[in-house]
Amino acid sequence: MTAMLEVRGLTRRFGGLVAVNDLTFEVNEGEMIGLIGPNGSGKTTTFSMLSGALRPSSGTIAFNGERIEGLKANKVCRKGLARTFQVVQPFPDITATENVMIGAFVNTGGGRQAEAKAREELERVGLTPKADTLAKELTLLQLKRLEIAKALATEPKLLLLDEVAAGLTSTEVDVMLKLVRQLNTEGITCIIVEHVMRFVMNLSHRCIVIDFGSQIAEGTPEEVLNNPAVHAAYLGEEASIA
Amino acid sequence: MNLKMPYIRIVVIGALICLLPLVLSTFYMHIAVLVLIWAFLACAWNIIGGYAGQHSLGNGLYMGIGAYTVAYLVNRFNLTPWVGLVVAIILSAAAAAFIGWIVFRYALKGAYFALVTIALTEAAVYVVSNIPALGGAGGMQMEYRGNSLAYMQFAGQNGYFYMGVVLVVFILLLTQWYKRKRFFYQLIAVRENEDAAEALGVDTVKAKIKANVMSGVLCAVGGVFYAQYFLYVGPRSVFGEVVSVQILIYAIVGGLGTTWGPVVGAVLLVPLSEITRGQLGNSFPGSQLLLYGLVMVLTMMFMPFGIMGLADRLRQRWQHRSATPLVDSQGGEAS
Amino acid sequence: MNLNFSGAVLSQAVASGIMLGGLFALMSIGLTLIWGVMKIINFAQGEFLMVALYLAYFLVARGHIDPYITIIITVPFMFFFGIGIFRATISPILKDPVMNQIMLTLGVSLILQNLALMLFSANVQSVNTRYSTWNIHLGSVVISGTQLIALVGSVLCTLGVWYFLKTTDSGRAIRASAQNPTAATLMGIDVPRTYLLAFGLGSATLGLAGSLMIPFYYTSPTVGVFLGLIMFIVVVLGGMGNLLGCFVGGLVIGLAETVGAAVFPGSLARVFTFSIFIIFLLFRPQGVLSKRQT
């Protein structure tokens, strides 16, 4: 059986800077992958290329056996690969439900069905009490949940979560952890980019570590934590690993 | 709330408006027809400007295409305006699709989009002024052929008035219907946050082109109506920056991206400006546009969401306050 | 179509185009400054120029002041005029979406235009000065002396604003605010005050333009509609906030207008100018000289 996502030689240059260099990895269905690395190592650039927001300089991305590199973001999304944004991107002047409806419209044309779907997803992320609140009036944790609900409404097979735990308090991280784990048990494959190590280490089945755009390690969270190359990359950030 | 309610409201208000000819004098009936023309055009602009958030400053282009098409076909080939209407719809759709395709493909937005649209409508003024077949700078008079629906011409204002009511009711029902549909949600998503919209499967370029075509075609229909009412078209009366700005002022003052906003704006401003012009026009030319300028500045400063937008916000706040405060149980915060 | 290509006509058109281009550059400096610094397009900029032209006109026609001496009145007047408009209207909504600010300046332009119509009537006004008949002959080409002065004024004004932005503290504050308002605030720059200064300066350059133009140009309530559009075109060509680009853009559009008028019949030349504008907006919205951002 082929992997759900196959990335081969993915590279992105900005002028002379190589942000992502020859990245190759696979993600199998049902997996929870942690994509980690120090600041500026190319994680978000990788996400942007996977989701179609950014065109790769070279390399291929195959999703369920179909090549998707270079497709526009909306096409990628409709193929079942959704993302959340590191900096939350709500539609500020409409309600939480309407925000999620935009995603739901990928699979339905009718307003009523989309609204039902949206309310369902808001329930799933625990945002039902805020369903009719304008997005601009939500707190950061609520907005992060809204990001996930929007992405879920498109019924993704693969979900890219970009720093959903960053900026949250410790209790809030626990809430988010529970939520993401549940999504995975419900059958959604996830790739997580995250700085909060407790979050990644608790969730991931497998971690891919990148530094300066290149992959430096891969393995279970324990293996990665004990890898000297990873330690070297994180030198000075060691405290946050433990 | 009953989902049919907004539709019923539109039809009932439309029916009640039809009683106006019983009470209004000729002068006020003329103003009423003007209100309907501009309300219709403003509703049409609202689709691209209000819902999709692309502030076109050049919708006079489409209005002009509509007005000139019908005037030319009626004058030159003696065709009924209904044929002209169909041709105008086709031409404006083609123009709006082509312009939208170029402009949105190159991701022009905000101020740049506004500038391109101004340039296009102003260029149209100069092109039309140089085509003798279209009457050049002087424009074209249309012949009055008698009181007949087949010629879309009526003796007195009442016929035009009922036609205007039908058009405005139609565009309001259309807007209201689309409001629950995927297309308008996608437009709002484009307006609010384009990157997020793309990430949620919205083809933002396609959505914007569709909105531009819809808005352009409806503006052309408004232009046909305008030409039939005045029986005259001139380069600056249907093309150009001033007309384009006039179209959007009503929508902005009434409330961008609301069903009723453009109508409310036209109902308030058109009579006010016509009466000002009637009273002061001779001694103070320009008083009408001066008034529009003032209203525009004050709207932007004190109620940028327009009258209906302000009403919506006040209602939301009131509902918010009356509802029991909800505590987010899982997150634990009490905001 | 009857295309007209004779050497004498064309060389005259080129000479006139350079003169006109200098003038266009001069009027557009203010817009590029305001646009570049605040990211606000002042749609009333053409009407600001109309105000300056009327002021210069009245000083010359009624006050019998030499047009080039009116500069000492028009420039400070326009500075404070710009500041006044900014304080009263734009400054309260600086945090609102850019489109709202654009709509507001559009409203201001309608007010100024129609106020002028009420006060001064729709008549086109111009003055005869002792400079009006001063022409310079270069072979078959005739150059108007007053237009040459305007061209020189345009060069000096561009250099002056550039020097101001480069060397003075206020100029550096303006440039810093343009690049990153947040960082500028953190560095202790009073950004709102800087905006005010930039807007005043952008308006003051129009005072100079008004004084230099009135000996050979005219004024009317709607003069700013066309000139305003020309300013946008020049600034888009040059790249917003780019002074050298503004000068080059002015020359390009000046040449397009005069050469276009020599080649195309009637007012179709203007369509040529608009086409250049639209093509630039589509393919190089960052201007002729600026590098494309990645």
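The values are calculated or read from the model by the stated rules, or taken from the named source; none is laboratory data. Quantities reported herein were computed from a predicted structural model and do not represent experimental measurements. Note that we place each Cβ from the backbone using ideal geometry, even for glycine, and neighbour counts take in every protein chain shown.
Restricting region C:205-226 to residues that are of a type in the set (A, V, I, L, M) and either over 19 Å from C:G241 (Cβ atoms) or surrounded by fewer than 24 Cβ atoms within 10 Å (Cβ to Cβ) (or both) leaves a set whose member that is farthest from the chain's Cα centre (by Cα) is C:I214. Is at least one residue of region C:22-36 within 14 Å of another protein chain (Cβ to nearest Cβ) and either of a type in the set (S, T, Y) or touching a His at 6+ places or on another chain (Cβ under 6 Å) (or both)? Scanning region C:22-36, I find at least one residue that is within 14 Å of another protein chain (Cβ to nearest Cβ) and either of a type in the set (S, T, Y) or touching a His at 6+ places or on another chain (Cβ under 6 Å) (or both), so the answer is yes.
Considering only residues in region B:73-106 that are of a type in the set (F, W, Y) and more than 19 Å from B:K208 (Cα to Cα), the one that is farthest from the chain's Cα centre (by Cα) turns out to be B:F77. If the condition is being more than 7 Å from chain B (Cβ to nearest Cβ) and either within 18 Å of B:G49 (Cβ to Cβ) or aromatic (F, W, Y) (or both), then region C:90-119 contributes C:P97, C:Q101, C:T105. Out of all the residues in region B:188-213, which are acidic (D, E) and either in contact (Cβ under 8 Å) with a residue 60 or more places away in the chain or within 21 Å of B:N46 (Cβ to Cβ) (or both)? Within region B:188-213, B:E192, B:E194 meet the criteria. Among the conditions (1) under 26 Å from A:P221 (Cβ atoms); (2) buried (at least 23 other Cβ atoms within 10 Å of the Cβ); (3) within 14 Å of chain B (Cβ to nearest Cβ), the only one that A:T44 does not satisfy is (2). For the criterion of being in contact (Cβ under 8 Å) with a residue 40 or more places away in the chain and aromatic (F, W, Y), A:F14 fails.
Those residues that are under 19 Å from B:V243 (Cβ atoms) and either away from chain C (no Cβ under 14 Å) or among the aromatic types (F, W, Y) (or both), I need them from region B:136-159; list them, please.
Just the residues of region B:136-159 that are under 19 Å from B:V243 (Cβ atoms), to begin with: B:136-142.
Within region B:136-159, B:G139, B:M140, B:Q141, B:M142 meet the criteria.
Looking only at region C:78-95, decide whether some residue is free of Cβ contacts under 8 Å to residues at least 40 places away in the same chain and aliphatic (A, V, I, L, M). So far as region C:78-95 goes, yes, one or more of its residues are free of Cβ contacts under 8 Å to residues at least 40 places away in the same chain and aliphatic (A, V, I, L, M). When you look at C:M78, is it part of a helix (DSSP H, G or I) and farther than 25 Å from C:P215 by Cβ, yes or no? Answer is no for this residue. Among the numbered conditions (1) in contact with an Asp or Glu (Cβ under 9 Å, 6 or more places away or on another chain); (2) modelled with pLDDT of 90 or more; (3) hydrophobic (A, V, I, L, M, F, W, C), the only one that B:A334 does not meet is (2). Within region C:240-273, if we keep just the residues that are within 12 Å of another protein chain (Cβ to nearest Cβ) and aromatic (F, W, Y), the residue that is nearest to C:W162 (Cα to Cα) turns out to be C:F272. Quick check, is C:S132 modelled with pLDDT under 90, hydroxyl-bearing (S, T, Y) and either in contact with a strand residue (DSSP E or B) (Cβ under 7 Å, 6 or more places away or on another chain) or surrounded by 20 or more Cβ atoms within 10 Å (Cβ to Cβ) (or both)? It is false that C:S132 is modelled with pLDDT under 90, hydroxyl-bearing (S, T, Y) and either in contact with a strand residue (DSSP E or B) (Cβ under 7 Å, 6 or more places away or on another chain) or surrounded by 20 or more Cβ atoms within 10 Å (Cβ to Cβ) (or both). Test of understanding: among B:A211, B:A227, which residue is under 18 Å from the mean Cα position of the chain (by Cα), farther than 21 Å from B:S56 by Cα and crowded, with 21+ Cβ neighbours inside 10 Å? None of the others qualify; the one that does is B:A227. Which condition from (1) over 21 Å from A:A166 (Cβ atoms); (2) more than 10 Å from chain B (Cβ to nearest Cβ) is the one that A:G52 breaks? Failing condition for A:G52: (2).
One residue stands out in region C:208-226 among those that are away from chain B (no Cβ under 13 Å) and in a helix (DSSP H, G or I): the one that is nearest to C:T70 (Cα to Cα), namely C:S211. Only one entry in C:I233, C:I279 is within 14 Å of chain B (Cβ to nearest Cβ), surrounded by fewer than 22 Cβ atoms within 10 Å (Cβ to Cβ) and at pLDDT 85 or above, namely C:I279. The lone criterion from (1) free of Cβ contacts under 8 Å to residues at least 24 places away in the same chain; (2) farther than 29 Å from A:R78 by Cα; (3) hydrophobic (A, V, I, L, M, F, W, C) left unmet by A:A116 is number (2).
For region A:150-190, a residue qualifies if it is within 11 Å of another protein chain (Cβ to nearest Cβ), touching a residue at least 40 places away in the same chain (Cβ under 8 Å) and not hydroxyl-bearing (S, T, Y), and the qualifying residues are A:K150, A:A151, A:L152, A:A153, A:E155, A:P156, A:L160, A:D162, A:V175, A:L179.
Can you name the residue in region B:105-135 that is in a loop (DSSP other than H, G, I, E, B) and either facing chain C (nearest Cβ under 7 Å) or of a type in the set (V, I, T) (or both) and is also nearest to C:R270 (Cα to Cα) among such residues?
Initial filter on region B:105-135 (in a loop (DSSP other than H, G, I, E, B)): B:106-109, B:130-131, B:135.
From what's left, either facing chain C (nearest Cβ under 7 Å) or of a type in the set (V, I, T) (or both): B:106, B:108, B:130-131.
Details: B:Y106: 24, B:L108: 23, B:N130: 11, B:I131: 14 Å.
Per the criteria, the residue is B:N130.
Looking only at region A:130-144, decide whether some residue is of a type in the set (G, A, S), under 19 Å from A:V87 (Cβ atoms) and in contact with a Pro (Cβ under 7 Å, 6 or more places away or on another chain). Yes.
Answer yes if at least one residue in region B:61-72 is within 14 Å of chain C (Cβ to nearest Cβ) and touching a residue at least 60 places away in the same chain (Cβ under 8 Å), and no otherwise.
Scanning region B:61-72 turns up at least one residue that is within 14 Å of chain C (Cβ to nearest Cβ) and touching a residue at least 60 places away in the same chain (Cβ under 8 Å).
Annotation: of all residues in region B:178-187 being surrounded by fewer than 24 Cβ atoms within 10 Å (Cβ to Cβ) and touching a residue at least 12 places away in the same chain (Cβ under 8 Å), the one that is farthest from the chain's Cα centre (by Cα) is B:R180. Of the conditions (1) closer than 30 Å to B:W318 by Cβ; (2) at the interface with chain B (Cβ under 10 Å from one of its Cβ atoms); (3) basic (K, R), A:R119 clears all except one; give me its number. A:R119 satisfies every listed condition except (2).
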